[in-house]
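A.B. asks: Pasting a structure below so you can have a look.
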Amino acid sequence: MERLDKFITSRGALSRREAQKLIKSGAVTVSGEVCRQIDRKVGENDAVCLNGQAVGAEKTIYIMMNKPAGVVSATEDKRDKTVLDILPDEFRRPGLFPAGRLDKDTEGLLIITNDGGFAHRMLSPKKHVEKRYVAELDGEITEDTIRRFEAGIVFSDGTKCLPAKLENGLNSDKNVGIVTICEGKFHQVKKMFAVCGLKVVHLQRISIGNLYLDSNLPIGSCKSLTNLEIERIFIGKLH
Ligand code: URA
């Protein structure tokens with residue numbers, strides 16, 4: 001059991017003084033009753049609400065980031081800025097992490113969330129959620145490259161990739177490919193092209209499942225997604 005003001009402070013972004021002020025103002029209920037007593041003892045089994053909202057019941061949040069190059073997809077890093085470091089203040093809260101990784105130099109669609117169950121579902125290799133990328137290359141995509149992607153690229157260490165779709169990109173520019181993969185091996189897209197003798201000079205993720213990067217979202221910006229929007233990732237998936 002702990003004091004009511006401490007209970008609220010340790011589970012949210014409020015200071016002890018702010019929590020005490022709110023308790024005294026009558027904004028806090030314990031098990032449905034207004035409680036103005038800051039040192040009232042409460043525990044995990046007490047339903048504590050602040051302005052009608054359960055305290056400690058972590059609200060799930062899903063953030064679409066248009067990741068810029070130069071930041072790493074991690075919660076902390078000794079050398080580099082992370083995607084959490086560049087989050088605008090209004091999205092910050094404890095427990096956030098990037099669901100999946102983009103390389104430091106890769107841009108585009110990244111989901112940041114505090115929902116571990118969702119991330120597990122999205123990243124599970126069994127789910128085969130499709131990820132689509134626009135890759136700019138140092139050379140031209142040939143019919144042979146497309147066929148090799150279709151057959152499943154094998155890395156030099158013997159790792160076999162699942163069949164992937166490769167289409168010529170914008171205006172049929174042969175140096176630009178749109179790649180769809182349904183797994184997430186380390187540096188996968190770059191390594192698949194490298195096997196075919198091509199270097200990726202720019203990489204951007206444009207979709208995950210049926211969720212597309214908002215084309216109005218500037219690089220480095222974020223927007224929150226509703227539960228309905230985030231479910232687009234799984235549209236057409238059976239599990
Ligand atoms: N494949 C890569 O090579 N890099 C990424 O960031 C994502 C997929």
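Just so you know, all these numbers are worked out from the coordinates, no wet-lab data involved. Please read these numbers as outputs of a predicted model, since none were measured by experiment. Note that each Cβ is placed from the backbone with ideal geometry, even for glycine, and that neighbours are counted across all protein chains shown.
A.B. asks: Net charge within 12 Å of L102 by Cβ-Cβ distance, Lys/Arg positive one each and Asp/Glu negative one each, not counting L102 itself?
C.D. replies: Net charge around L102: +3.
A.B. asks: Across the chain, where is the longest run that never hits chymotrypsin sites (Phe, Trp or Tyr not before Pro) in a DSSP loop with at most 16 other C-beta atoms within 10 Å?
C.D. replies: Longest gap between qualifying sites, sites excluded: 1-154.
A.B. asks: Another question, if that's okay. Return the whole-Å distance between the Cα centroid of region 199-239 and the Cα centroid of region 1-42.
C.D. replies: Cα centroid of region 199-239 versus Cα centroid of region 1-42: 39 Å apart.
A.B. asks: Another question, if that's okay. For L217 and D173, what is the calculated FRET efficiency with R₀ set at 30 Å and r taken between the beta-carbons, to the nearest 0.05?
C.D. replies: Result of the calculation: an efficiency of 0.80.
A.B. asks: How would you rank D157, D103, going from fewest to most other Cβ atoms within 10 Å of each one's own Cβ?
C.D. replies: Least crowded to most crowded, the residues run D157, D103.
A.B. asks: Report the extension gain between K81 and K41 in nm, rounded to one decimal, defined as 0.36 nm multiplied by the number of residues separating them, less their alpha carbon distance.
C.D. replies: Computed gain between K81 and K41 is 10.3 nm.
A.B. asks: Under a GNM of the chain (C-alpha, springs under 10 Å), which listed residue has the highest mean-square fluctuation: V154, V42, V83?
C.D. replies: V42
A.B. asks: Can you tell me the mean projection area, over all orientations, of the convex hull of region 130-208's alpha carbons? Units nm², please.
C.D. replies: 4.5 nm²
A.B. asks: Using the 10 angstrom Cβ neighbour count as an exposure proxy, how do K160, K41 rank, fewest first?
C.D. replies: Lowest count first: K160, K41.
A.B. asks: Mind checking the dipole of the chain: about its Cα centre, +1 per Lys or Arg Cβ, -1 per Asp or Glu Cβ, Debye to the nearest 20?
C.D. replies: 660 debye
A.B. asks: Rounded to whole Å, give me the distance from the Cα center of region 112-127 to that of region 51-77.
C.D. replies: Here the answer is 14 Å between Cα centres.
A.B. asks: Related question: To make sure I understand, if each residue's beta carbon is the centre and we count other beta carbons within 10 Å, what order do E2, E130, E44 fall in, fewest to most?
C.D. replies: Arranged by neighbour count, lowest to highest, E2, E130, E44 become E44, E2, E130.
A.B. asks: Moving to a separate point now. Need one number: the % of Cα-Cα pairs in the chain sitting beyond the 32 Å mark.
C.D. replies: For the chain, the fraction of Cα-Cα distances above 32 Å is 36 percent.
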